[in-house]
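Each remark here refers to the structure printed beneath this line.
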Amino acid sequence: MLGLRDLGPERLESILDRAESLLPVVRDGVALPNPVRPAMVGLLFLENSTRTRCSFEVAANRLGHRSVVLTGLGSSLDKGESLIDTAANLAAMGLDALVIRSAIAGGADLVARNIGIPVVNAGDGRHEHPTQALLDASTLRARLGSLAGKRILIVGDILNSRVARSNIHALTAMGATVVLVGPPPLLPWTFAEFGSGVDVTHDLDGVLDTADAVMMLRIQLERDAGRAVASDYRFAFGLTVNRLARLGPEVPILHPGPMNRGVEIDDSVSADIARSAILEQVARGVAVRMAIIEAALELPAG
Ligand code: CP
């Protein structure tokens, strides 16, 4: 699972269906009907993470597997060891699969081509974050039903967002139109080249009323996006209480996290009980990652 660009709608739906069937394991602690041979899953996280890393770890545990975590801090990468050598050494310890987050676009693919075990991309630079987009699609499908014909707004720092790129692939494959919204420095017109099913605008208020769902993105300060953004960002692109009031009562609000409260999203919006799906995304993320680990290990469905 390196990216969603080439995954067709049938494969996407089958992963989401499997994740849906695993959700009671996550939410209610229901035991897996058919426990599997325990595997060892490596988690190589070379960028900071709260949700993705812990979610993969919980997912592996829920499936009855074990995991070993290596982060950049404290590893021999600091001594100049390469990404490929690091991953190859982990694989040589007998891991059954490796989950990797890397700051390098294409980092997961590079590792996958150089080690002999399944690799799952947990985010590679600005490129893709496939399991995030799958959990977003799972959440949207649960709230909206079929995504065919739905308009999903993705608002914020599109330029630096691997979440946006993976969501474009997944949501358009499932028949939705993705409306990308952001300030010009963080949303170049080149994004229109994603083709049919993708609209691009710099005017949030002009498209807000058309939304079936709204996904807010943070400004990626770690990728220097802050310098490109004016101090009045919230007034032009923030999901404020006033903007929330213009959305229908059934329009879900998503955010991949971490949130910059008071910048792209107001406190009371993220806390809106009916519309905020933000923690539902996190819960579904575990089920999606269980389905992905299962598929990576090619273990029989429980
Ligand atoms: N959504 C997401 O990738 O969050 P983390 O960076 O905390 O893993």
Does any residue in segment 34-59 that is free of Cβ contacts under 8 Å to residues at least 40 places away in the same chain come within less than 6 Å, Cβ to Cβ, of a residue that is more than 8 Å from the ligand (Cβ to nearest atom) and not aromatic (Phe, Trp, Tyr) six or more places away or on a different chain, and which pairs are these?
PRO38/GLY64; PRO38/HIS65; GLU57/SER67
Quick one: in segment 5-22, of everything that is charged (D, E, K, R), free of Cβ contacts under 8 Å to residues at least 24 places away in the same chain and assigned to a helix (DSSP H, G or I), which residue is nearest to ARG162 (Cα to Cα)?
ARG11
Would you pick out the residues in segment 114-157 that are of a type in the set (Gly, Ala, Ser), more than 14 Å from VAL99 (Cα to Cα) and within 16 Å of the ligand (Cβ to nearest atom)?
GLY125, ALA133, ALA137, SER138, GLY156
Taking into account only those residues within segment 34-49 that are away from the ligand (no atom under 13 Å from the Cβ) and in a loop (DSSP other than H, G, I, E, B), which is most open to solvent (accessible area, probe 1.4 Å)?
ARG37
Residue check for VAL288: surrounded by 20 or more Cβ atoms within 10 Å (Cβ to Cβ) and of a type in the set (Val, Ile, Thr):
yes
I'd like the full set of residues that are of a type in the set (Lys, Arg), open to solvent by 40 Å² or more (accessible area, probe 1.4 Å) and in a helix (DSSP H, G or I), limited to segment 217-240.
ARG227, ARG234
Quick one: in segment 50-72, of everything that is open to solvent by less than 30 Å² (accessible area, probe 1.4 Å) and over 15 Å from GLN281 (Cα atoms), which residue is nearest to the ligand (Cβ to nearest atom)?
GLY72
Among the residues of segment 130-166, count how many are open to solvent by 30 Å² or more (accessible area, probe 1.4 Å) and within 26 Å of ARG234 (Cβ to Cβ).
4
Where a residue in segment 113-134 is aliphatic (A, V, I, L, M) and its partner, wherever it lies, is within 11 Å of the ligand (Cβ to nearest atom), with Cβ under 6 Å and at least six apart
ALA122/THR52; ALA122/ARG101; ALA133/SER166
Identify the residue in segment 169-216 that is in a loop (DSSP other than H, G, I, E, B), open to solvent by less than 40 Å² (accessible area, probe 1.4 Å) and in contact with a strand residue (DSSP E or B) (Cβ under 7 Å, 6 or more places away or on another chain) and, among all such residues, is farthest from ARG141 (Cα to Cα).
LEU187
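Considering segment 264-285 alone, what residues qualify as being open to solvent by 50 Å² or more (accessible area, probe 1.4 Å) and of a type outside the set (S, T, N, Q)?
The initial filter retains those residues of segment 264-285 that are open to solvent by 50 Å² or more (accessible area, probe 1.4 Å), namely 267-268, 271, 273-274, 279, 282.
Those that are open to solvent by 50 Å² or more (accessible area, probe 1.4 Å) and of a type outside the set (S, T, N, Q): ASP267, ALA271, ILE273, ALA274, LEU279, VAL282.
The values are calculated or read from the model by the stated rules, or taken from the named source; none is laboratory data. From a predicted model like this one, the values you see are computed outputs, not experimental measurements. Here Cβ is always computed from backbone atoms with ideal geometry, including for glycine, and neighbour counts include all displayed protein chains. Ligands, DNA and RNA are stripped out before the accessible areas are found, and what is left, the full protein with its side chains, is counted by its heavy atoms. Shrake-Rupley method; radii C 1.70, N 1.55, O 1.52, S 1.80 Å.
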